[in-house]
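S.K.: Quick one: the structure is below, and I'll ask about it shortly.
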Amino acid sequence: MKEAAARAGYDGKHRVQMAVSSLTGIDEAELVTQAREGETAAFSELVRRYEGKIFRLAQHVTQNREDAEDVLQETFMKAYEHLDQFKGDSKFYTWIVRIAVNQSLMKLRRRKTDKTVSLDETIDTGEDTVVREVAAWGEDPEQRFSREELGDILGSAIESLEPLYRSVFVLRDVDELSTEETAEVLGLSVPAVKSRLLRARLQLRERLTRFFKRKGDDAFAYM
Amino acid sequence: MLTCKDFLGELSDYLDETIDAELRAKLERHITECPNCWVIADTTRKTIKIYKGMESCSIPADVESRLMAALEKKIAAKQQK
Ligand SMILES: [Zn+2]
């Protein structure tokens with residue numbers, strides 16, 4: 001519904017995407033080839049295919065809607081500008097995700113906050129994977145919350161992670177990129193991705209445990 | 001014998017099912033004997049599942065139309081060159 005409305009509003013003002021409907025079934029590599037040859041409709045189709053994922057990713061990494069919108073625009077602008085540099089040895093999606101992550105991290109660096117944003121490689125990736133709270137969860141613990149509440153819980157848990165952990169988690173577990181693709185996107189080694197992913201998952205698990213632990217266990221924990 | 005620390009170290013690969021059968025069997029034996037690690041594995045699996053099932057990636061209409069407008073401008077500028 002929403003999408004249709006968006007498209008209708010958009011059709012009223014713009015011309016670029018006209019041929020889109022006939023391109024929806026075409027495979028990515030072919031679209032990229034066409035886009036490189038100057039086929040605007042092909043590029044628009046690529047944008048339409050990935051805009052939602054890129055926006056979601058940027059929102060998760062920047063934790064800020066305005067920044068995410070900037071990142072979204074910058075990503076596709078850069079992709080368009082540098083399309084001739086895309087080698088085709090990786091997926092187009094991986095290529096733009098890399099641009100989007102870099103833009104997002106840059107936003108975080110630029111944002112003036114009192115808490116320092118550590119993005120560098122100095123983050124300790126040692127073995128001190130802490131598990132402080134161990135409590136079983138109920139059957140479908142998320143059912144206890146409204147959609148909106150759940151969104152807030154999941155969002156704030158992600159927000160509490162270090163940016164690089166956040167990026168690894170979102171790419172691997174939300175976007176479902178492979179470990180190798182995530183490593184490529186973030187310029188990390190595979191072992192570094194793995195250790196960050198483990199930590200991110202464990203930290204999120206711990207944060208969510210506060211909300212999702214079995215009702216009975218609650219009383220126990222505070223006794 | 002596998003320690004809890006060993007188990008945690010393999011947890012991600014275990015949940016992603018990217019380990020060989022032999023190691024998997026060892027890890028599974030560990031969680032039948034260690035309630036803590038069982039809970040950690042179970043709740044971590046649920047964590048991943050909840051995030052995977054999270055909101056779709058539809059884009060707000062206003063955000064999309066501003067993106068398209070910006071791109072159209074960019075494309076027009078390039079075509080003039
Ligand atoms: Zn154990």
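S.K.: Give the range B:1-36 a look and list any residue that's near the ligand (Cβ under 9 Å from one of its atoms) and part of a helix (DSSP H, G or I), or say none.
M.R.: Of everything in the range B:1-36, those that are near the ligand (Cβ under 9 Å from one of its atoms) and part of a helix (DSSP H, G or I) turn out to be B:CYS4, B:LYS5, B:ASP6, B:PHE7, B:LEU8, B:HIS30, B:ILE31, B:GLU33, B:PRO35, B:ASN36.
S.K.: Somewhere in the range A:26-36, is a residue at pLDDT below 90 and within 11 Å of another protein chain (Cβ to nearest Cβ)?
M.R.: So far as the range A:26-36 goes, no, none of its residues is at pLDDT below 90 and within 11 Å of another protein chain (Cβ to nearest Cβ).
S.K.: Determine, yes or no, whether A:LEU177 is in a helix (DSSP H, G or I), at pLDDT 90 or above, farther than 21 Å from A:ARG210 by Cα and away from chain B (no Cβ under 11 Å).
M.R.: no
S.K.: Also, quick follow-up: Against the definition (modelled with pLDDT of 95 or more, away from the ligand (no atom under 12 Å from the Cβ) and within 7 Å of chain A (Cβ to nearest Cβ)), how does B:LEU71 come out, yes or no?
M.R.: Considered against the rule, which asks whether it is modelled with pLDDT of 95 or more, away from the ligand (no atom under 12 Å from the Cβ) and within 7 Å of chain A (Cβ to nearest Cβ), B:LEU71 comes out as no.
Let's see how each residue does on (1) within 17 Å of A:GLU39 (Cα to Cα); (2) open to solvent by less than 40 Å² (accessible area, probe 1.4 Å); (3) touching a strand residue (DSSP E or B) at 6+ places or on another chain (Cβ under 7 Å):
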residue	(1), (2), (3)
B:VAL39	no, yes, no
B:THR44	no, yes, no
B:LYS49	no, no, no
B:GLY53	no, no, no
B:SER58	no, no, no
B:VAL63	no, yes, no
B:MET68	yes, yes, no
B:LYS73	yes, no, no
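The values are calculated or read from the model by the stated rules, or taken from the named source; none is laboratory data. Keep in mind that what you see is a predicted model, and the values were worked out from it rather than measured. Here Cβ is always computed from backbone atoms with ideal geometry, including for glycine, and neighbour counts include all displayed protein chains. Please note that ligands, DNA and RNA were not included when accessible areas were found on the heavy atoms of the full protein model with its side chains. Shrake-Rupley method; radii C 1.70, N 1.55, O 1.52, S 1.80 Å.
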